[in-house]
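So the structure is just underneath, and the comments pick up after that.
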Amino acid sequence: MIIMPNLVLYRKYRPKTFGEVTGQEHVVQTLTNALSMGMISHAYLFCGPRGTGKTTIARLLAKALNCETRKAREGEETKVSSSPSLSRSESSAFEPCNKCSSCLEINEGRSIDLVEIDAASTGGIDAIRELRDGIRFSPTKSKYRIFIIDESHQLSKDAANALLKTLEEPPAHAIFILATTEIHKMIPTIISRCQRFDFRKLTLTEIVSRLGTLAQKENVKIEKSALELIALSSGGAARDAEGLLDQVLTFSGDLKQGETIKAEDIKELLGMVDTKLVGQLFDFICQKKGGEALDFLSKTLEKGKDVQELTRALVAYLRQGLILKIAPDLQNPLITGLTGEEQGKLKSQIANFEEADLRRILKLFMEAESRMKYASIPQLPLELAIIEALEKEAKIS
(Lines give C-alpha, C1' and ligand atoms only; values in the text may rest on other atoms or scores of the structure.)
Protein backbone atom coordinates (compact mmCIF):
# COMPACT_ATOMS: atom_id res chain seq x y z
CA MET A 1 0.00 0.00 0.00
CA ILE A 2 1.44 3.33 -1.08
CA ILE A 3 0.22 6.53 0.53
CA MET A 4 1.66 9.89 -0.48
CA PRO A 5 3.51 11.42 2.47
CA ASN A 6 2.08 14.51 4.18
CA LEU A 7 -0.97 14.55 1.92
CA VAL A 8 -4.22 13.43 3.52
CA LEU A 9 -6.85 11.66 1.44
CA TYR A 10 -9.36 14.49 1.30
CA ARG A 11 -6.67 16.74 -0.22
CA LYS A 12 -5.10 14.05 -2.36
CA TYR A 13 -8.40 13.14 -3.99
CA ARG A 14 -10.24 16.46 -3.80
CA PRO A 15 -12.72 16.52 -6.75
CA LYS A 16 -11.30 18.35 -9.77
CA THR A 17 -14.54 18.37 -11.77
CA PHE A 18 -18.23 18.72 -10.90
CA GLY A 19 -18.74 15.14 -12.06
CA GLU A 20 -16.49 13.88 -9.26
CA VAL A 21 -18.50 15.57 -6.50
CA THR A 22 -20.35 13.19 -4.16
CA GLY A 23 -23.83 14.35 -3.17
CA GLN A 24 -25.14 17.95 -3.24
CA GLU A 25 -26.83 17.25 -6.60
CA HIS A 26 -29.14 20.27 -6.25
CA VAL A 27 -26.16 22.60 -5.82
CA VAL A 28 -24.10 21.04 -8.61
CA GLN A 29 -26.96 21.01 -11.11
CA THR A 30 -27.92 24.64 -10.47
CA LEU A 31 -24.33 25.88 -10.73
CA THR A 32 -23.53 23.86 -13.85
CA ASN A 33 -26.75 25.01 -15.53
CA ALA A 34 -25.81 28.61 -14.72
CA LEU A 35 -22.32 28.11 -16.14
CA SER A 36 -23.67 26.54 -19.31
CA MET A 37 -26.10 29.39 -19.90
CA GLY A 38 -23.72 32.15 -18.83
CA MET A 39 -25.99 33.22 -15.95
CA ILE A 40 -23.27 34.21 -13.49
CA SER A 41 -24.03 35.91 -10.17
CA HIS A 42 -21.62 38.37 -8.54
CA ALA A 43 -22.04 36.73 -5.11
CA TYR A 44 -22.76 33.20 -3.87
CA LEU A 45 -23.45 31.99 -0.34
CA PHE A 46 -22.76 28.34 0.50
CA CYS A 47 -24.16 27.32 3.89
CA GLY A 48 -24.42 23.98 5.65
CA PRO A 49 -22.67 21.55 8.03
CA ARG A 50 -18.90 21.26 8.02
CA GLY A 51 -17.21 18.79 5.72
CA THR A 52 -20.03 18.67 3.16
CA GLY A 53 -18.16 20.16 0.19
CA LYS A 54 -18.71 23.93 0.42
CA THR A 55 -15.06 24.93 -0.11
CA THR A 56 -14.51 22.18 -2.68
CA ILE A 57 -17.43 23.34 -4.82
CA ALA A 58 -16.40 26.98 -4.33
CA ARG A 59 -12.99 26.19 -5.82
CA LEU A 60 -14.57 24.18 -8.63
CA LEU A 61 -16.82 27.14 -9.46
CA ALA A 62 -13.83 29.49 -9.40
CA LYS A 63 -11.88 27.16 -11.65
CA ALA A 64 -14.76 26.76 -14.12
CA LEU A 65 -15.32 30.54 -14.28
CA ASN A 66 -11.68 31.22 -15.18
CA CYS A 67 -10.96 28.11 -17.27
CA GLU A 68 -9.31 29.24 -20.50
CA THR A 69 -10.62 26.40 -22.67
CA ARG A 70 -14.10 25.85 -21.23
CA LYS A 71 -16.64 26.37 -24.01
CA ALA A 72 -19.13 28.52 -22.19
CA ARG A 73 -22.31 28.77 -24.24
CA GLU A 74 -23.35 32.15 -22.94
CA GLY A 75 -26.45 33.61 -24.48
CA GLU A 76 -27.40 30.38 -26.21
CA GLU A 77 -30.51 28.35 -25.49
CA THR A 78 -28.87 25.22 -24.15
CA LYS A 79 -30.65 22.22 -22.77
CA VAL A 80 -28.60 20.79 -19.90
CA SER A 81 -29.16 17.19 -18.91
CA SER A 82 -29.82 16.47 -15.21
CA SER A 83 -28.45 12.96 -15.64
CA PRO A 84 -25.18 12.15 -13.81
CA SER A 85 -23.77 10.73 -17.07
CA LEU A 86 -23.41 13.83 -19.23
CA SER A 87 -22.20 13.75 -22.80
CA ARG A 88 -18.87 15.32 -23.64
CA SER A 89 -20.50 18.27 -25.39
CA GLU A 90 -22.80 18.92 -22.44
CA SER A 91 -20.08 18.76 -19.81
CA SER A 92 -17.73 20.97 -21.83
CA ALA A 93 -20.12 23.83 -21.18
CA PHE A 94 -19.30 23.90 -17.49
CA GLU A 95 -16.48 21.50 -16.56
CA PRO A 96 -13.01 23.02 -16.06
CA CYS A 97 -10.40 21.45 -18.34
CA ASN A 98 -7.76 21.01 -15.59
CA LYS A 99 -5.11 21.53 -18.29
CA CYS A 100 -4.94 25.29 -18.96
CA SER A 101 -2.64 27.50 -16.89
CA SER A 102 -5.56 28.96 -14.90
CA CYS A 103 -6.88 25.52 -13.86
CA LEU A 104 -3.40 24.27 -13.00
CA GLU A 105 -2.66 27.33 -10.88
CA ILE A 106 -5.88 26.88 -8.88
CA ASN A 107 -5.24 23.14 -8.47
CA GLU A 108 -1.77 23.92 -7.13
CA GLY A 109 -2.97 26.78 -4.89
CA ARG A 110 -0.94 29.53 -6.58
CA SER A 111 -3.53 31.48 -8.55
CA ILE A 112 -3.17 35.25 -8.17
CA ASP A 113 -6.76 35.80 -9.28
CA LEU A 114 -8.24 33.51 -6.63
CA VAL A 115 -8.13 35.05 -3.16
CA GLU A 116 -9.10 32.85 -0.20
CA ILE A 117 -9.82 34.47 3.15
CA ASP A 118 -10.39 32.50 6.36
CA ALA A 119 -12.66 34.74 8.40
CA ALA A 120 -12.12 32.53 11.46
CA SER A 121 -8.51 33.73 11.73
CA THR A 122 -8.56 37.02 9.77
CA GLY A 123 -12.08 38.31 10.29
CA GLY A 124 -11.16 41.88 11.14
CA ILE A 125 -11.79 45.08 9.25
CA ASP A 126 -8.21 45.16 7.93
CA ALA A 127 -8.80 41.95 5.96
CA ILE A 128 -11.90 43.40 4.30
CA ARG A 129 -10.18 46.72 3.64
CA GLU A 130 -7.41 44.78 1.93
CA LEU A 131 -10.08 42.90 -0.04
CA ARG A 132 -11.81 46.16 -1.04
CA ASP A 133 -8.51 47.60 -2.20
CA GLY A 134 -7.75 44.38 -4.08
CA ILE A 135 -10.96 44.29 -6.10
CA ARG A 136 -10.24 47.69 -7.61
CA PHE A 137 -7.59 46.08 -9.77
CA SER A 138 -8.50 43.96 -12.76
CA PRO A 139 -7.55 40.27 -12.80
CA THR A 140 -3.93 39.60 -13.68
CA LYS A 141 -4.64 37.06 -16.43
CA SER A 142 -8.12 35.62 -15.90
CA LYS A 143 -11.62 36.84 -16.69
CA TYR A 144 -12.60 37.19 -13.03
CA ARG A 145 -10.95 37.92 -9.73
CA ILE A 146 -12.67 35.55 -7.32
CA PHE A 147 -12.82 35.91 -3.54
CA ILE A 148 -13.68 32.88 -1.38
CA ILE A 149 -14.46 33.88 2.22
CA ASP A 150 -14.61 30.82 4.45
CA GLU A 151 -16.48 30.86 7.79
CA SER A 152 -17.88 34.22 6.73
CA HIS A 153 -20.17 34.38 9.77
CA GLN A 154 -17.07 35.11 11.87
CA LEU A 155 -16.42 38.45 10.19
CA SER A 156 -16.44 41.29 12.70
CA LYS A 157 -19.28 43.79 12.58
CA ASP A 158 -17.13 46.41 10.87
CA ALA A 159 -15.75 43.86 8.42
CA ALA A 160 -19.25 42.61 7.58
CA ASN A 161 -20.46 46.17 6.95
CA ALA A 162 -17.47 46.82 4.71
CA LEU A 163 -18.19 43.61 2.79
CA LEU A 164 -21.84 44.63 2.45
CA LYS A 165 -20.83 47.91 0.81
CA THR A 166 -18.62 45.97 -1.60
CA LEU A 167 -21.44 43.55 -2.45
CA GLU A 168 -23.77 46.47 -3.16
CA GLU A 169 -21.47 47.97 -5.80
CA PRO A 170 -19.19 45.17 -7.07
CA PRO A 171 -16.97 45.69 -10.12
CA ALA A 172 -17.81 43.49 -13.12
CA HIS A 173 -14.63 41.44 -12.76
CA ALA A 174 -15.19 40.48 -9.08
CA ILE A 175 -17.08 37.42 -7.85
CA PHE A 176 -17.58 36.55 -4.19
CA ILE A 177 -18.20 33.07 -2.79
CA LEU A 178 -19.04 33.07 0.92
CA ALA A 179 -19.09 29.85 2.94
CA THR A 180 -20.53 29.42 6.42
CA THR A 181 -21.55 26.70 8.85
CA GLU A 182 -23.76 29.10 10.86
CA ILE A 183 -26.05 30.95 8.49
CA HIS A 184 -28.10 32.39 11.38
CA LYS A 185 -25.09 34.54 12.36
CA MET A 186 -24.89 36.20 8.96
CA ILE A 187 -26.19 39.73 8.45
CA PRO A 188 -29.55 39.44 6.61
CA THR A 189 -28.58 42.21 4.18
CA ILE A 190 -25.50 40.21 3.09
CA ILE A 191 -27.63 37.08 2.62
CA SER A 192 -30.09 39.05 0.49
CA ARG A 193 -27.33 40.11 -1.90
CA CYS A 194 -26.07 36.58 -2.51
CA GLN A 195 -27.36 33.58 -4.41
CA ARG A 196 -27.84 31.11 -1.55
CA PHE A 197 -27.16 27.36 -1.66
CA ASP A 198 -27.93 25.08 1.27
CA PHE A 199 -25.67 22.05 1.60
CA ARG A 200 -26.91 18.90 3.33
CA LYS A 201 -25.23 16.10 5.20
CA LEU A 202 -24.34 13.20 2.96
CA THR A 203 -26.24 9.92 3.21
CA LEU A 204 -24.59 6.70 4.38
CA THR A 205 -24.74 5.29 0.84
CA GLU A 206 -23.03 8.35 -0.64
CA ILE A 207 -20.23 8.31 1.92
CA VAL A 208 -19.67 4.54 1.62
CA SER A 209 -19.49 4.91 -2.17
CA ARG A 210 -16.93 7.71 -1.87
CA LEU A 211 -14.82 5.79 0.67
CA GLY A 212 -14.93 2.68 -1.51
CA THR A 213 -13.60 4.68 -4.45
CA LEU A 214 -10.74 6.11 -2.37
CA ALA A 215 -9.83 2.68 -0.98
CA GLN A 216 -9.75 1.34 -4.54
CA LYS A 217 -7.42 4.14 -5.62
CA GLU A 218 -5.16 3.33 -2.68
CA ASN A 219 -5.20 -0.39 -3.66
CA VAL A 220 -6.63 -1.36 -0.28
CA LYS A 221 -9.25 -4.04 0.38
CA ILE A 222 -11.75 -3.09 3.07
CA GLU A 223 -15.07 -4.66 4.04
CA LYS A 224 -18.26 -2.78 3.28
CA SER A 225 -19.26 -3.10 6.94
CA ALA A 226 -16.01 -1.36 7.89
CA LEU A 227 -16.77 1.45 5.46
CA GLU A 228 -20.25 1.73 6.97
CA LEU A 229 -18.73 2.09 10.45
CA ILE A 230 -16.51 4.90 9.24
CA ALA A 231 -19.46 6.56 7.50
CA LEU A 232 -21.61 6.34 10.63
CA SER A 233 -18.80 7.83 12.74
CA SER A 234 -18.49 10.79 10.37
CA GLY A 235 -21.99 12.10 11.04
CA GLY A 236 -22.66 12.85 7.37
CA ALA A 237 -19.48 14.89 6.80
CA ALA A 238 -17.50 13.60 3.82
CA ARG A 239 -14.29 15.29 4.95
CA ASP A 240 -14.51 13.68 8.39
CA ALA A 241 -15.16 10.28 6.78
CA GLU A 242 -12.13 10.65 4.52
CA GLY A 243 -10.03 11.71 7.50
CA LEU A 244 -11.12 8.61 9.42
CA LEU A 245 -10.37 6.40 6.42
CA ASP A 246 -6.91 7.97 6.24
CA GLN A 247 -6.40 7.11 9.91
CA VAL A 248 -7.60 3.55 9.32
CA LEU A 249 -5.25 3.05 6.36
CA THR A 250 -2.32 4.32 8.41
CA PHE A 251 -3.29 2.09 11.36
CA SER A 252 -3.59 -0.91 9.03
CA GLY A 253 -0.41 -0.14 7.09
CA ASP A 254 1.33 -3.34 8.24
CA LEU A 255 -1.31 -5.63 6.70
CA LYS A 256 0.05 -8.21 4.31
CA GLN A 257 -0.55 -7.73 0.60
CA GLY A 258 -4.09 -8.79 -0.30
CA GLU A 259 -5.42 -8.81 3.27
CA THR A 260 -8.79 -7.20 3.91
CA ILE A 261 -9.45 -4.59 6.59
CA LYS A 262 -12.43 -5.75 8.63
CA ALA A 263 -14.89 -3.89 10.83
CA GLU A 264 -13.51 -5.56 13.96
CA ASP A 265 -10.04 -4.25 13.12
CA ILE A 266 -11.05 -0.61 13.31
CA LYS A 267 -13.64 -0.37 16.09
CA GLU A 268 -11.03 0.24 18.76
CA LEU A 269 -9.30 2.81 16.56
CA LEU A 270 -12.58 4.69 16.09
CA GLY A 271 -13.24 4.55 19.84
CA MET A 272 -16.35 2.45 19.38
CA VAL A 273 -17.82 -0.19 21.64
CA ASP A 274 -18.85 -3.13 19.48
CA THR A 275 -22.58 -2.93 18.77
CA LYS A 276 -22.74 -6.73 18.96
CA LEU A 277 -21.40 -6.52 22.52
CA VAL A 278 -24.08 -4.05 23.55
CA GLY A 279 -26.67 -6.14 21.70
CA GLN A 280 -25.67 -9.22 23.70
CA LEU A 281 -26.05 -7.34 26.98
CA PHE A 282 -29.46 -6.06 25.94
CA ASP A 283 -30.40 -9.63 24.96
CA PHE A 284 -30.07 -10.70 28.62
CA ILE A 285 -32.25 -7.75 29.69
CA CYS A 286 -34.88 -8.69 27.09
CA GLN A 287 -34.83 -12.28 28.35
CA LYS A 288 -35.02 -11.12 32.01
CA LYS A 289 -31.76 -12.93 32.81
CA GLY A 290 -30.32 -10.62 35.47
CA GLY A 291 -27.60 -13.01 36.67
CA GLU A 292 -26.33 -13.66 33.14
CA ALA A 293 -26.42 -9.91 32.38
CA LEU A 294 -24.26 -9.06 35.42
CA ASP A 295 -21.89 -11.95 34.69
CA PHE A 296 -21.56 -10.81 31.06
CA LEU A 297 -20.88 -7.24 32.25
CA SER A 298 -18.21 -8.42 34.68
CA LYS A 299 -16.40 -10.51 32.04
CA THR A 300 -16.60 -7.65 29.53
CA LEU A 301 -15.01 -5.21 31.98
CA GLU A 302 -12.30 -7.76 32.84
CA LYS A 303 -11.30 -7.70 29.16
CA GLY A 304 -10.44 -4.02 29.50
CA LYS A 305 -13.60 -2.35 28.22
CA ASP A 306 -14.24 1.07 29.74
CA VAL A 307 -17.43 1.02 31.80
CA GLN A 308 -18.35 4.61 30.88
CA GLU A 309 -17.90 3.95 27.17
CA LEU A 310 -19.97 0.76 27.50
CA THR A 311 -22.76 2.62 29.32
CA ARG A 312 -22.67 5.42 26.75
CA ALA A 313 -22.93 2.85 23.96
CA LEU A 314 -25.84 1.14 25.72
CA VAL A 315 -27.68 4.46 26.07
CA ALA A 316 -27.13 5.12 22.35
CA TYR A 317 -28.36 1.61 21.53
CA LEU A 318 -31.53 2.05 23.60
CA ARG A 319 -32.13 5.47 22.03
CA GLN A 320 -31.92 3.80 18.63
CA GLY A 321 -34.38 1.17 19.84
CA LEU A 322 -36.82 3.87 20.96
CA ILE A 323 -36.53 5.64 17.60
CA LEU A 324 -37.26 2.40 15.75
CA LYS A 325 -40.19 1.67 18.06
CA ILE A 326 -41.72 5.05 17.24
CA ALA A 327 -40.80 4.95 13.53
CA PRO A 328 -40.38 1.28 12.47
CA ASP A 329 -39.94 2.17 8.79
CA LEU A 330 -37.12 4.62 9.39
CA GLN A 331 -34.22 3.62 7.14
CA ASN A 332 -31.79 6.54 7.56
CA PRO A 333 -28.64 5.05 9.15
CA LEU A 334 -27.32 8.53 10.02
CA ILE A 335 -30.31 8.94 12.36
CA THR A 336 -30.45 5.43 13.75
CA GLY A 337 -26.66 5.01 13.77
CA LEU A 338 -27.02 1.37 12.74
CA THR A 339 -26.35 -0.73 9.68
CA GLY A 340 -29.25 -2.65 8.12
CA GLU A 341 -28.26 -5.90 9.85
CA GLU A 342 -27.99 -4.20 13.25
CA GLN A 343 -31.39 -2.54 12.76
CA GLY A 344 -32.93 -5.94 12.07
CA LYS A 345 -31.58 -7.40 15.32
CA LEU A 346 -32.65 -4.40 17.39
CA LYS A 347 -36.18 -4.50 15.95
CA SER A 348 -36.53 -8.12 17.04
CA GLN A 349 -35.28 -7.22 20.54
CA ILE A 350 -37.71 -4.35 21.08
CA ALA A 351 -40.71 -6.28 19.71
CA ASN A 352 -41.70 -7.39 23.24
CA PHE A 353 -41.45 -3.90 24.75
CA GLU A 354 -43.99 -1.12 24.84
CA GLU A 355 -42.78 2.38 24.01
CA ALA A 356 -43.23 3.42 27.67
CA ASP A 357 -41.05 0.48 28.80
CA LEU A 358 -38.22 1.55 26.53
CA ARG A 359 -38.45 5.15 27.73
CA ARG A 360 -38.19 4.07 31.37
CA ILE A 361 -35.25 1.72 30.70
CA LEU A 362 -33.47 4.38 28.67
CA LYS A 363 -33.85 6.89 31.52
CA LEU A 364 -32.41 4.34 33.97
CA PHE A 365 -29.21 3.94 31.95
CA MET A 366 -28.94 7.68 31.33
CA GLU A 367 -29.06 8.21 35.10
CA ALA A 368 -26.46 5.46 35.55
CA GLU A 369 -24.13 7.22 33.11
CA SER A 370 -24.51 10.46 35.04
CA ARG A 371 -23.99 8.88 38.49
CA MET A 372 -20.93 6.97 37.33
CA LYS A 373 -18.75 10.09 37.62
CA TYR A 374 -19.21 10.21 41.38
CA ALA A 375 -19.51 6.49 42.23
CA SER A 376 -16.82 4.87 44.39
CA ILE A 377 -17.37 1.65 42.38
CA PRO A 378 -17.63 2.81 38.75
CA GLN A 379 -19.71 -0.12 37.45
CA LEU A 380 -22.19 -0.06 40.37
CA PRO A 381 -24.65 2.45 38.78
CA LEU A 382 -24.73 0.31 35.63
CA GLU A 383 -25.32 -2.89 37.64
CA LEU A 384 -28.16 -1.23 39.57
CA ALA A 385 -29.70 0.04 36.34
CA ILE A 386 -29.69 -3.49 34.89
CA ILE A 387 -31.41 -4.88 37.99
CA GLU A 388 -33.98 -2.05 38.09
CA ALA A 389 -34.70 -2.46 34.39
CA LEU A 390 -35.55 -6.12 35.03
CA GLU A 391 -37.70 -5.28 38.03
CA LYS A 392 -39.75 -2.71 36.14
CA GLU A 393 -40.19 -5.15 33.26
CA ALA A 394 -41.27 -7.83 35.72
CA LYS A 395 -43.94 -5.52 37.23
CA ILE A 396 -45.34 -4.72 33.78
CA SER A 397 -45.51 -8.31 32.53
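Could you tell me how many of the residues in segment 148-158 are farther than 25 Å from Gly109 by Cα, in contact with a helix residue (DSSP H, G or I) (Cβ under 8 Å, 6 or more places away or on another chain) and either not assigned by TED's automatic domain parsing to the domain that holds Ala64 or not in a loop (DSSP other than H, G, I, E, B) (or both)?
Let us first name the residues in segment 148-158 that are farther than 25 Å from Gly109 by Cα, namely 156-158.
Within this subset, residues satisfying the condition of being in contact with a helix residue (DSSP H, G or I) (Cβ under 8 Å, 6 or more places away or on another chain) are 156, 158.
In the following step, the residues that additionally are either not assigned by TED's automatic domain parsing to the domain that holds Ala64 or not in a loop (DSSP other than H, G, I, E, B) (or both) were identified as 158.
Matching residues across segment 148-158 total 1.
Under the condition of being closer than 13 Å to Lys54 by Cα and polar (S, T, N, Q), the residues counted in segment 20-40 number 2.
Condition check ((1) of a type in the set (Asp, Glu); (2) part of a loop (DSSP other than H, G, I, E, B); (3) surrounded by 15 or more Cβ atoms within 10 Å (Cβ to Cβ); (4) modelled with pLDDT under 85) across all residues:
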position	(1), (2), (3), (4)
Phe284	no, no, yes, no
Ala293	no, no, yes, no
Leu297	no, no, yes, no
Thr300	no, no, yes, no
Leu318	no, no, yes, no
Glu341	yes, no, no, yes
Ser348	no, no, no, no
Leu362	no, no, yes, no
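Assess whether Ile386 counts as being aliphatic (A, V, I, L, M), more than 13 Å from Arg312 (Cβ to Cβ) and out of contact with any Lys or Arg (no Cβ under 6 Å at 6 or more places or on another chain).
On the way: aliphatic (A, V, I, L, M): yes; more than 13 Å from Arg312 (Cβ to Cβ): yes; out of contact with any Lys or Arg (no Cβ under 6 Å at 6 or more places or on another chain): yes.
Yes; evaluated as a whole, the condition is true for this residue.
Quick one: count up the residues across segment 34-46 that are free of Cβ contacts under 8 Å to residues at least 60 places away in the same chain and surrounded by fewer than 17 Cβ atoms within 10 Å (Cβ to Cβ). Quick ask: steps written out before the conclusion?
Of all residues in segment 34-46, those free of Cβ contacts under 8 Å to residues at least 60 places away in the same chain come to 34-39.
Filter again for surrounded by fewer than 17 Cβ atoms within 10 Å (Cβ to Cβ), leaving 38-39.
Number of matching residues: 2.
Residue count for segment 218-228 under the criterion of being surrounded by fewer than 23 Cβ atoms within 10 Å (Cβ to Cβ) and within 17 Å of Glu341 (Cβ to Cβ): the result is 4. Does Leu382 satisfy the condition of being under 29 Å from the mean Cα position of the chain (by Cα) and either at pLDDT 90 or above or surrounded by fewer than 18 Cβ atoms within 10 Å (Cβ to Cβ) (or both)? Taking the combined requirement at face value, the residue does not satisfy it.
Condition first: charged (D, E, K, R) and modelled with pLDDT under 90. Now tell me which residues in segment 55-94 satisfy that.
Glu68, Arg70, Lys71, Arg73, Glu74, Glu76, Glu77, Lys79, Arg88, Glu90
There is no residue in segment 10-20 that is closer than 28 Å to Ala172 by Cβ, out of contact with any Leu (no Cβ under 6 Å at 6 or more places or on another chain) and modelled with pLDDT under 90.
Results for (1) in a strand (DSSP E or B); (2) without any contact (Cβ under 8 Å) to a residue 60 or more places away in the chain, shown as yes or no for each residue.
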{"position": "Asp133", "(1), (2)": "no, yes"}
{"position": "Phe137", "(1), (2)": "no, yes"}
{"position": "Ile146", "(1), (2)": "yes, no"}
{"position": "Ala160", "(1), (2)": "no, yes"}
{"position": "Leu163", "(1), (2)": "no, yes"}
{"position": "Pro170", "(1), (2)": "no, no"}
{"position": "Ala179", "(1), (2)": "yes, no"}
{"position": "His184", "(1), (2)": "no, yes"}
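Of the residues in segment 10-28, not one is assigned to a loop (DSSP other than H, G, I, E, B) and in contact with a strand residue (DSSP E or B) (Cβ under 7 Å, 6 or more places away or on another chain). Return yes or no: is Ala179 of a type in the set (A, V, I, L, M), buried (at least 20 other Cβ atoms within 10 Å of the Cβ) and under 22 Å from Gly48 (Cα atoms)? Answer is yes for this residue.
The values are calculated or read from the model by the stated rules, or taken from the named source; none is laboratory data. Values in this document were obtained by computation on a predicted structure and should not be read as measured data. No Cβ is skipped: glycine too gets one built from the backbone with ideal geometry, and neighbour counts run over all protein chains shown.
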